[in-house]
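Chemist: Got a structure for you, questions after.
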Amino acid sequence: MPPRPLFSPAALAVLGLLAESARHPYEMRTLLRERGLDRTLELKHATLYDLLPRLAAAGLVEQDDPARAGNRPERMVYRITPDGVAALRKWLRELLSDPVHGAAAFAVALAFMFALPRSEVAELVSLRAERISSTIGEVDAGLAAALGVEPVFLTDHTYAQALRRAERDWLLAFAADLRQGTLSWPLADEEYSDDHS
């Protein structure tokens, strides 16, 4: 059986949380639940405990000193490595810019987009909007060519087009807000490293 791919919305979420701070798995689950990402990711209890050793084997995270709170047992703490930061940024760039990835993956990317500079996120979501516009144009051409087909039989296509247009419009407005500085950002662009791996 081939190994499961490492790149996933759950792996992105783990790296995103660890980019904020070193944490133990229980704390990560709690934060994902508090932020509402547990529903988006549809995480099962064992997912993090399965994912963390795979991320460690890939060199993206490493174990830190165990943590102990009061009389509770020690908990293994993980922290992100420099390779993990590079992977997080690479995955964010892909998920933010390419609509081929589903809505759940995009939502997780938005939750951890702060690992990238604001100006770069504006460019990435603008690129996503361009790609969606291209799809809209192709589907519109196909619908126009469907002469003689009763509109009721094209409802699934017109519905999907409405969703694409809504997403494109939101992305363009969001990119404009980022460019104008309407939305606060944790770091100024110049505080990020030049790493674009």
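The values are calculated or read from the model by the stated rules, or taken from the named source; none is laboratory data. Computed from a predicted structure; not experimentally measured. Every residue, glycine among them, receives a Cβ derived from its backbone with ideal geometry; neighbour counts consider all protein chains shown. Each accessible area value is taken on the protein alone, full model and side chains, heavy atoms only, with ligands, DNA and RNA left out. Shrake-Rupley method; radii C 1.70, N 1.55, O 1.52, S 1.80 Å.
Chemist: Give me the number: length gained by fully extending D64 to D177, i.e. 0.36 nm times residue separation minus the C-alpha to C-alpha distance, one decimal in nm.
Modeler: Answer, rounded to one decimal: 36.8 nm.
Chemist: If you stretched the chain out fully between A103 and E150, how much longer would it get, using 0.36 nm times the residue separation minus the C-alpha to C-alpha distance?
Modeler: 13.9 nm
Chemist: A further question follows. Exposed loop trypsin sites (Lys or Arg not before Pro) only (DSSP loop, at most 15 other Cβ atoms within 10 Å): please give the longest stretch of the chain free of them, not including the sites.
Modeler: Excluding the exposed sites themselves, the longest stretch runs over 69-197.
Chemist: Distance in nm between label sites at I136 and R75, each 7 Å beyond Cα in the beta-carbon direction?
Modeler: 4.5 nm
Chemist: Counting only the heavy atoms of the protein chains, how much of L172 is accessible to a 1.4 Å probe, in Å² to the nearest 10?
Modeler: Counting only protein heavy atoms, L172 exposes about 90 Å² to solvent.
Chemist: Give me the percent of the accessible area of the chain that comes from carbon and sulfur atoms, probe 1.4 Å, all protein chains in place.
Modeler: 56 percent
Chemist: Just name one of Q180, I136, L32: the one whose Cα is farthest towards the positive end of the charge dipole of the chain (beta-carbon charges, Lys/Arg +1, Asp/Glu -1).
Modeler: L32
Chemist: A further question on this structure: Write down, largest first, the equivalent ellipsoid semi-axes of region 113-173 in whole Å, where each equals the square root of 5 times an eigenvalue of the alpha-carbon gyration tensor.
Modeler: They are 31, 10, 6 Å, listed largest first.
Chemist: Among V121, V14, V100, which one shows the biggest mean-square fluctuation in a GNM of the chain, springs joining Cα atoms closer than 10 Å?
Modeler: Among V121, V14, V100, the largest GNM mean-square fluctuation belongs to V100.
Chemist: State to the nearest 20 debye the size of the charge dipole of the chain about its Cα centre, where the only charges are +1 on K and R beta carbons and -1 on D and E beta carbons.
Modeler: With Lys and Arg at +1 and Asp and Glu at -1, about 640 debye.
Chemist: Consider the candidate values (1) 20; (2) 26; (3) 41; state which one is percent of Cα pairs over 27 Å apart computed from the structure displayed.
Modeler: (3)
Chemist: Can I ask one more? Please give the per residue accessible area of the chain, computed with a probe of 1.4 Å over protein heavy atoms only, in Å².
Modeler: Normalised by residue count, the accessible surface of the chain is 57 Å².
Chemist: I'd like the distance between the alpha-carbon centres of region 4-58 and region 68-142, rounded to an integer number of Å.
Modeler: Between the Cα centres of region 4-58 and region 68-142 lies a distance of 14 Å.
Chemist: Also, quick follow-up: With runs of 4+ DSSP H residues as the only contributors, calculate the mean residue ellipticity of the chain at 222 nm using -39,500 (n - 2.57) per run, divided by the residue total and rounded to the nearest 500. The partial results should precede the final answer.
Modeler: Values: 8 runs with 116 residues, N = 197.
Here the helix-only value at 222 nm equals -19000 deg cm²/dmol.
Chemist: Under the 0.36 nm per residue contour assumption, what length would be gained going from the current alpha-carbon distance of R39 and R54 to full extension? Each step should come with its number before you reach the end.
Modeler: Working: separation 15, 0.36 × 15 = 5.40 nm, distance 2.25 nm.
Difference between extended and current length: 3.2 nm.
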